[in-house]
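First up is the structure itself, then whatever we jot down about it.
The values are calculated or read from the model by the stated rules, or taken from the named source; none is laboratory data. The model shown is predicted, which means the values in this text are computed figures rather than measured ones. Ideal geometry is used to build each Cβ from the backbone, glycine not excepted, and the neighbour counts take in all protein chains shown.
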Amino acid sequence: MSLVTDIEEQQSAVLARIALSGSTAELEELRIAVLGKKGSLTGLLRGMGQVPPEERALVGRLVNELRDVVEAALGLRHEELASAELEARISAEALDVTLPARARPLGTQHLISRLTEEIVEVFRGIGYRVVSGTEIETDYYNFTALNSPPDHPSRGLQDTFYVVDRSGAVAAITGESDVVLRSQTSGVQVHTMEDSELPIYILAPGRVYRRDVADPTHLPQFTQIEGLVVDRGITFGDLKGTLEYFCQQVFGSERKTRFRPHFFPFTEPSAEVDVSCGICGGVGCRSCGGTGWLEILGCGMVDPNVYGFVGINPELYSGFAFGLGVERIACLKYNVPDLRMLLEGDMRFLRQF
Ligand code: DAH
């Protein structure tokens, strides 16, 4: 009966190894070693040929029992090990929800956008509406219809950004009017007078481009706000009152304004407006070049020649226009020493506003 003993010994040995196996991988190796093609139990079954016929039934039964017992034990142990391994993986991969979250800094509106909105609100409050123009413009709207003749120096390729086609030639619309990046928002005046019913009370904020190298007082790209009024009986007094009101709203009621005669092609008469220096209170200091005044915008009564381009009768209507640079106003209002700081995106600077 040595075969029977053999079987019984195998059974207890295999069951002990199953109980001791420490991982599903180890258990699987064991399963192959016992039940696999070359496994020990498979070997026993193969050896059945040599068992004397009178013992075959008993041995066969024992071997089958052994296989059932081993398979059941393997199954149970596999369940145990697999769930322990799952537990271990879950706790190893667990998120520590008590860790403080990585902070995402919240963005804010840029000073220039905020100031633009603030200025727009001042004028909206007195009945102006906002219109938008395009940054790509024809030289007809940027210059000609604003009473700047073709030989005007600002039209030079050296002074204005022309839009070129693939061959490098200046792009033109209908073969006549060259295409430029607008150098001023004043072209919106012409579009508005062409397209709108009278009277007109509009504000047109937007970006403009100049062939300037960036330095503390120049930027190649900046923001302007254009204003235009066309109505019956508008006088220079209306212009002054409007702009004085605007200056006090933006800079504070203690600031004074003054109008200096100037020249712009599309207004006659024209003026530049200065606001009293906020640093020295108008006495004169380094910021205002010792004058006590800071220039903030250009303005004037719409030139009758411009009405000629858009078909408005200057005998019936009159109006005024003005244009200001938002970056410049920001510098004056918040004492920013260098225009370039407004383009650099340095959070230490921008966070202050
Ligand atoms: N377009 C002028 C500039 O860029 C500013 C300006 C001056 C606009 C007088 C006006 C105006 O509407 O009346 O320098």
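Computed quantities for the displayed model
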item: Selection within segment 260-294 - assigned to a strand (DSSP E or B) and surrounded by fewer than 17 Cβ atoms within 10 Å (Cβ to Cβ); result: Arg260, Pro261, His262, Phe263, Glu268, Pro269
item: Candidate set from segment 315-326 (those that are crowded, with 16+ Cβ neighbours inside 10 Å and more than 8 Å from the ligand (Cβ to nearest atom)); member that is farthest from Thr267 (Cα to Cα); result: Val326
item: Considering residues of segment 179-214 that are closer than 17 Å to Thr160 by Cα and buried (at least 21 other Cβ atoms within 10 Å of the Cβ) only, the residue farthest from the ligand (Cβ to nearest atom); result: Val180
item: Hey, Leu146 among the hydrophobic types (A, V, I, L, M, F, W, C) and within 16 Å of the ligand (Cβ to nearest atom) or not; result: yes
item: Residue ranges of helices (runs of 4 or more DSSP H) in segment 10-115 with at least 2 members of a type in the set (A, V, I, L, M, F, W, C) and in contact with a Gly (Cβ under 7 Å, 6 or more places away or on another chain); result: 24-35
item: Residue selected from segment 259-291 under the condition touching an Asp or Glu at 6+ places or on another chain (Cβ under 6 Å) and within 13 Å of the ligand (Cβ to nearest atom), by the criterion nearest to Val188 (Cα to Cα); result: Phe266
item: Selected residue (criterion: modelled with the lowest pLDDT) from residues of segment 127-156 that are more than 32 Å from the chain's Cα centre (by Cα) and farther than 19 Å from Thr267 by Cβ; result: Gly156
item: Within segment 223-242, considering residues that are outside any loop (DSSP other than H, G, I, E, B) and of a type in the set (A, V, I, L, M, F, W, C), the one nearest to the ligand (Cβ to nearest atom); result: Leu228
item: Residue tally, condition away from the ligand (no atom under 12 Å from the Cβ) and surrounded by 16 or more Cβ atoms within 10 Å (Cβ to Cβ), over segment 243-258; result: 10
item: Flag if Ala57 is aliphatic (A, V, I, L, M), modelled with pLDDT of 85 or more and within 27 Å of Glu28 (Cβ to Cβ); result: no
item: Some residue of segment 167-183 being closer than 25 Å to Val122 by Cβ, more than 31 Å from the chain's Cα centre (by Cα) and assigned by TED's automatic domain parsing to the domain that holds Cys299; result: no
item: Subset of segment 225-281 (residues that are charged (D, E, K, R), touching a helix residue (DSSP H, G or I) at 6+ places or on another chain (Cβ under 8 Å) and free of Cβ contacts under 8 Å to residues at least 40 places away in the same chain); result: Arg255, Glu268
item: Residue match in segment 158-174 (condition: of a type in the set (Val, Ile, Thr), crowded, with 16+ Cβ neighbours inside 10 Å and in contact (Cβ under 8 Å) with a residue 60 or more places away in the chain); result: no
